[in-house]
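The values are calculated or read from the model by the stated rules, or taken from the named source; none is laboratory data. Just so it is clear, the structure is predicted and the values come from calculations on it, not from any experiment. When we count neighbours, we look across all protein chains shown, and the Cβ atoms used for this are built from the backbone with ideal geometry, even at glycine. The accessibility values were calculated without ligands, DNA or RNA, using every heavy atom of the protein model including side chains. Shrake-Rupley method; radii C 1.70, N 1.55, O 1.52, S 1.80 Å.
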Amino acid sequence: MAYTHYLLILCLASYLKEGFTENSTLPPYSPNTSAWPAGCGQDVQSIYFALCDLTAVWGIVLEAITSLGIICTIILGIIFFSLAPSVSQDARKGTLALNFLFIFGTLGLFSLVFAFIIAPNSNVCIVRRFLFGVLFAQCFACLVAHSVRLNYLALQNRGPGGCLVFLLAIGLFLVEAVINVEWLLITNVRQTVHDTGPFISPCNITNQDFVTALVYVMFLIVASLVIPCPVLCGHYLQWKRHGRHIVLTTFFSLLIWVAWIVMYLYGNEKLGHSSWDDPVLAIALASNAWVFVLFYIIPQLMEMTRSGYKYEDDTFNILKRHSDTTQSIVMENRAFSMDNQDAEMVNSRHEQDKPVSPYSNYPGLYPTLHLSPADMETVSHIPVHLPRISMEPWRYHL
């Protein structure tokens, strides 16, 4: 381990020395202003021409989009930091550290775009090769750790603590950091230490090798897309929302990765534009960082400000709505006419074991009894009260 650290320090020192040597040995520019592209001053070095060259519009546009992303990420980070003390539920506090780590990773992605806009040299290529995979691994490791915690919350409404989930994200993120360090040691430091020839630039790497070093990041992308899927079938509405945010973020990120890998490995070569490699990587960084902002960071802030954050079950809500509907139907049935009540009375007699006779209050006069006209008039004035059938069977005295 000590030997590895020594080699890494030696590699960085040699690259810095070579970078300073290259900068100091650059030929002085002519005072003629035609040597600089339109939009760049005479004090601008050649590696920064893409930031100000008006003929290369892609650099200026991407620079503006990236700068806006950096400002938005910083503002969202400040808002997130100010709202963190107001979170009271323990279940929601567990993801605060993950969200902070995710915001820092997104800010790093926006900042790394400038390393792909400027012209490459030894120092720039080291930053590109190391931070591209590490920053993406940091963001997707946070999504994977959050997804694992959501699976517990969707089943039991409680899950692992915030420290445990944060350590899981750090562990997943450090794996990619170790892979990139070993990659730099194998491809550059060993040749620099044992080779007595000229200095080997770290920019001399094929596109296939660059993509191959990102296999672990691709694994994290697939894991962050698959793991939160069971959360969408859970019972708790608030955790379903978190799961949807992660699935959408990872899905659009996967589309971006497929697009830039195809263009980086095959598209640019087929189109005959080998100089498009750096713009493709810069666009992939900026677009994926904006996906993180729009589909994850902003929804997480909205969840922090959401009022009435209750742990209600979908099944419970359905039963509650059904009981309310039944009660309203009963209230409406009480206003029915006597004809509808007679029909309901017949149905009720078939459903009950011991129905109440509607003629229980009949006075007992037989219709076949011969009565005088006076008696008939008396019987006709006898009030007969038939019971009204109610939709509440517990009121019957059986």
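Some notes on this structure:
- When every residue of segment 279-296 is checked against the conditions, at least one turns out to be open to solvent by less than 40 Å² (accessible area, probe 1.4 Å), among the aromatic types (Phe, Trp, Tyr) and in a helix (DSSP H, G or I).
- For residue 53, the criteria (1) over 30 Å from residue 185 (Cα atoms); (2) part of a helix (DSSP H, G or I) hold in every case but one, which is (2).
- Odd one out for residue 248 among (1) surrounded by fewer than 21 Cβ atoms within 10 Å (Cβ to Cβ); (2) more than 21 Å from residue 151 (Cα to Cα): (2)
- One residue alone among 178, 113, 134 is among the hydrophobic types (A, V, I, L, M, F, W, C) and free of Cβ contacts under 8 Å to residues at least 12 places away in the same chain, and that residue is 178.
- Unmet requirement for residue 328, which otherwise passes all of (1) open to solvent by 80 Å² or more (accessible area, probe 1.4 Å); (2) over 30 Å from residue 93 (Cβ atoms); (3) assigned to a helix (DSSP H, G or I); (4) modelled with pLDDT under 55: (1)
- The lone criterion from (1) crowded, with 23+ Cβ neighbours inside 10 Å; (2) of a type in the set (Val, Ile, Thr); (3) farther than 17 Å from residue 159 by Cβ left unmet by residue 222 is number (1).
- Qualifying positions in segment 287-303 - modelled with pLDDT under 90 and farther than 16 Å from residue 244 by Cα: none
- Whichever residue in segment 179-210 is outside any helix (DSSP H, G or I) and modelled with pLDDT of 70 or more and, among such residues, is surrounded by the most Cβ atoms within 10 Å (Cβ to Cβ): 202
- Inter-residue pairs, beta-carbon under 6 Å, first within 16 Å of residue 153 (Cβ to Cβ) and in segment 76-101, second among the basic types (Lys, Arg) and modelled with pLDDT under 85, 6+ apart: 87/93
- Tallying residues that are at pLDDT below 90 and among the β-branched types (Val, Ile, Thr) within segment 80-117 yields 2.
- Every residue from segment 147-182 that is under 21 Å from the mean Cα position of the chain (by Cα) and among the β-branched types (Val, Ile, Thr): 148, 165, 170
- In segment 270-290, the count of residues that are aromatic (Phe, Trp, Tyr), under 18 Å from the mean Cα position of the chain (by Cα) and under 20 Å from residue 110 (Cα atoms) is one or more.
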